[in-house]
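Worksheet: the structure to be examined is printed underneath.
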Amino acid sequence: MTLPARRLCDLLGIQVPIVQAPIGPAASADLVAAVAEAGGLGLIAGSARGTEGLRDTIRAVRQLSQNAIGVNILNEFPADSILDEILAAKIPIVSFFWGLNLPAIARAKAAGLIVMQTIGSAAEVAPAVAAGVDVLVAQGQDAGGHVWGTVGTMALIPAVVDAAGDVPVIAAGGIADGRGLAAAICLGAAGVWLGSRFLAAQESAAHPNYVARLLAAKETDTDLSTLYDVGWPNAPSRALVNPTIAAWRAAGKPTSGARPGEGDLIAAYGDGRPIPRYFVDIPVTTTTGDVAAMALYAGQSAGQINQMLSAADIIQQMVVQAKTLLSGSLADWTA
Ligand SMILES: Cc1cc2nc3c(=O)[nH]c(=O)nc-3n(C[C@H](O)[C@H](O)[C@H](O)COP(=O)(O)O)c2cc1C
């Protein structure tokens with residue numbers, strides 16, 4: 001029997017079962033291409049780019065790598081215009097997050113795309129598979145960024161794997177090194193999906209202050225709340241504790257509209273457009289102002305991420321460590 005990881009690699013046209021999550025605008029063309037060149041799957045965050053930005057990003061990736069890549073769509077925002085770009089650019093893989101978008105999945109399948117769907121419970125498996133989803137991404141509550149479910153990765157993966165039958169399951173949330181890859185495979189996953197670890201890749205476009213805070217953070221230094229609701233209301237997200245979260249906690253966690261500094265313009269995009277406090281976007285290299293007060297999404301995996309590395313080194317070290325663990329003598333506790 002072929003191992004799930006091998007089947008996943010063959011299906012996606014990749015060499016190693018490691019996916020770089022679509023980490024918003026931090027998923028730069030350089031990062032996506034570097035992951036693709038290292039044999040993993042790089043994903044562009046389509047909804048964060050807008051159609052023109054997506055077109056430019058795909059073009060830039062294609063100058064660096066011809067390997068398989070994918071584009072992610074957030075179902076909170078319009079999907080069709082992003083799908084138009086994916087099809088025009090002949091990108092082979094689309095990933096959906098934030099609920100099941102049946103018309104968008106049907107359109108992607110009819111066009112011959114490989115469809116990945118992020119879920120947070122075993123109950124979501126059957127409707128996704130019935131819709132034609134090819135790969136399930138099980139996101140545990142440990143994850144950074146927007147969090148769909150309420151179950152931690154360790155308990156979620158076996159439950160989803162049991163429900164998924166032959167459909168490959170990729171584990172997301174809290175995974176940052178080869179130990180996580182080996183563990184996910186032991187739980188029945190076909191591969192892993194890492195966001196926070198790739199935020200601290202040398203090719204990531206995350207702002208240096210954000211990366212420095214991520215490198216310094218412990219596993220206990222994140223907060224899961226709906227705090228960053230300007231631009232995307234009522235959606236739980238996990239972020240590093242920063243001055244904005246600290247002030248909100250100190251004020252007794254007031255509801256939206258009554259929070260400290262509501263409406264303050266705390267930072268600006270590279271083109272000068274202002275960014276208010278509690279806005280949904282992360283700071284990237286071109287962001288100016290009080291970037292530490294912005295949404296600094298990160299998973300509980302932050303505690304394992306202590307060093308900036310190239311995407312190629314992240315992937316290579318994970319593969320070596322996981323292979324050593326999986327072929328090693330961990331079962332010899334009676335010896
Ligand atoms: C900065 C950041 C931005 C994210 N943006 C997206 C996104 O646009 N689409 C998506 O499907 N997931 C997004 N996620 C969630 C990731 O896909 C993934 O589930 C998560 O990073 C896994 O947890 P980890 O950070 O511990 O690896 C984002 C995560 C982070 C940290």
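The values are calculated or read from the model by the stated rules, or taken from the named source; none is laboratory data. It should be emphasised that the depicted structure is a prediction, and the values quoted were computed from it without experimental measurement. Here Cβ is always computed from backbone atoms with ideal geometry, including for glycine, and neighbour counts include all displayed protein chains. Ligands, DNA and RNA are stripped out before the accessible areas are found, and what is left, the full protein with its side chains, is counted by its heavy atoms. Shrake-Rupley method; radii C 1.70, N 1.55, O 1.52, S 1.80 Å.
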For R7 and L87 in the same chain, what is the full-extension length gain: residue separation times 0.36 nm, less their Cα-Cα distance, in nm?
26.4 nm
Can you tell me the relative contact order of segment 1-110? Whole percent, Cα pairs under 8 Å, sequence separation 6 or more.
22
Once both labels are modelled 7 Å past Cα along the beta-carbon direction, what's the L330-A251 spacing in nm?
4.5
If packing is taken as the mean number of other Cβ atoms within 10 Å per residue, what is the order of 203-210, 250-257, highest first?
203-210, 250-257
Which whole-number percent is the relative contact order of the chain (Cα, under 8 Å, 6+ apart)?
17
I'd like to check one number: the per residue accessible area of segment 1-112, probe 1.4 Å, reported in Å² as a whole number.
41
Can you give me the Cα centroid spacing of segment 275-335 and segment 95-115 in angstrom?
28
Length gained, A106-K323, 0.36 nm per residue minus C-alpha separation, equals 74.4 nm
For every helix of n ≥ 4 consecutive DSSP H residues, a contribution of -39,500 (n - 2.57) applies; sum these over the chain, divide by its total residues, and give [θ] at 222 nm rounded to the nearest 500 deg cm²/dmol.
-10500 deg cm²/dmol
Sequence-distant lysines (8 or more away, or on other chains) whose Cα lies within less than 24 Å of K90
K109
When you count, for each residue, the other Cβ atoms within 10 Å and take the mean per peptide, how do 165-174, 94-103 rank with the highest first?
165-174, 94-103
Which shape class applies to segment 219-335: rounded if a/c is under 1.5, otherwise prolate when a/b exceeds b/c and oblate if not, where a ≥ b ≥ c are the square roots of the Cα gyration tensor eigenvalues?
prolate
Folded to 0 to 90 degrees: helix 311-327 orientation relative to the chain principal axis, Cα
40
How large is the Kirkwood hydrodynamic radius of the chain, counting all unique pairs of alpha carbons, in Å?
19.9
Sulfur and carbon atoms: percent of accessible area, the chain [1.4 Å]
55
Does anything in segment 45-79 have its amide N under 18 Å from the 7 Å Cα→Cβ label point of E37, and if so which residues?
57-70
Simple spin-label estimate for C186 and D56 in nanometres, 7 Å along Cα-Cβ:
4.6
Percent antiparallel among DSSP beta bridges confined to the chain, nearest 5, equals 30
Per residue, in Å², the accessible surface of segment 134-206 once ligands and nucleic acids are set aside, probe 1.4 Å
29
If you split all Cα-Cα distances of segment 129-205 into 10 Å bins from zero, what percentages do you get per bin, shortest first?
20, 50, 26, 4
